[in-house]
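What follows is one structure encoded as structure tokens, with my remarks underneath.
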Amino acid sequence: MEDCLFCKIVAGEIPGDVVHATERTVAFRDVNPQAPTHVLVVPRAHHANAAELAAEDPQASAELLTTAAAVAAAEGYADYRLVFNTGAGVGQTVFHTHLHLLAGRPMTWPPG
């Protein structure tokens, strides 16, 4: 998608603070962090949301989780939260699948 912010970060057209990359995923720090560690893990291929990614590329969907675990371990965290927002009604603002990795502070339940 030519106007997708995350596609541009993946392609290197827009700078991002990339912390990890695989053949299928790229992980970079969120520009508006909600925790001391807040990393977004995205598939390299464009998919609008988590449900679309799971239906179209289950292997990439699973790799988002293994990439997030690798980033958490590299950052020194055994405890962390993973969040997908699917749809504008729950806060998705960039319509390229992304997994939020949050760590480094106590998390409450239910999330806000």
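The values are calculated or read from the model by the stated rules, or taken from the named source; none is laboratory data. What you see is a predicted model; the values in this text were computed from it and never measured. Reconstructed Cβ throughout: ideal geometry from the backbone, glycine too, with neighbour counts over all protein chains shown.
Quick notes
- Sole exception among (1) crowded, with 19+ Cβ neighbours inside 10 Å; (2) among the hydroxyl-bearing types (S, T, Y); (3) in contact with a Ser or Thr (Cβ under 7 Å, 6 or more places away or on another chain) for T97, by number: (3)
- Residue in the range 24-48 that is surrounded by the fewest Cβ atoms within 10 Å (Cβ to Cβ), counting only those that are closer than 18 Å to K8 by Cβ and out of contact with any helix residue (DSSP H, G or I) (no Cβ under 9 Å at 6 or more places or on another chain): N32
- Criterion applied to A50, A60, A35, A27 was being touching a residue at least 40 places away in the same chain (Cβ under 8 Å), touching a Leu at 6+ places or on another chain (Cβ under 9 Å) and within 17 Å of T86 (Cβ to Cβ), and the one residue passing it is A50.
- Of all residues in the range 68-95, those being at negative phi, in a loop (DSSP other than H, G, I, E, B) and out of contact with any strand residue (DSSP E or B) (no Cβ under 6 Å at 6 or more places or on another chain) number 8.
- W109, sole failed condition from (1) under 11 Å from the mean Cα position of the chain (by Cα); (2) of a type in the set (F, W, Y); (3) surrounded by fewer than 14 Cβ atoms within 10 Å (Cβ to Cβ): (1)
- Of the residues in the range 48-67, at least one is among the aliphatic types (A, V, I, L, M), under 16 Å from the mean Cα position of the chain (by Cα), within 21 Å of T22 (Cα to Cα) and in a loop (DSSP other than H, G, I, E, B).
- Residue within the range 51-67 that is among the hydroxyl-bearing types (S, T, Y), at pLDDT 95 or above and touching a strand residue (DSSP E or B) at 6+ places or on another chain (Cβ under 6 Å) present: yes
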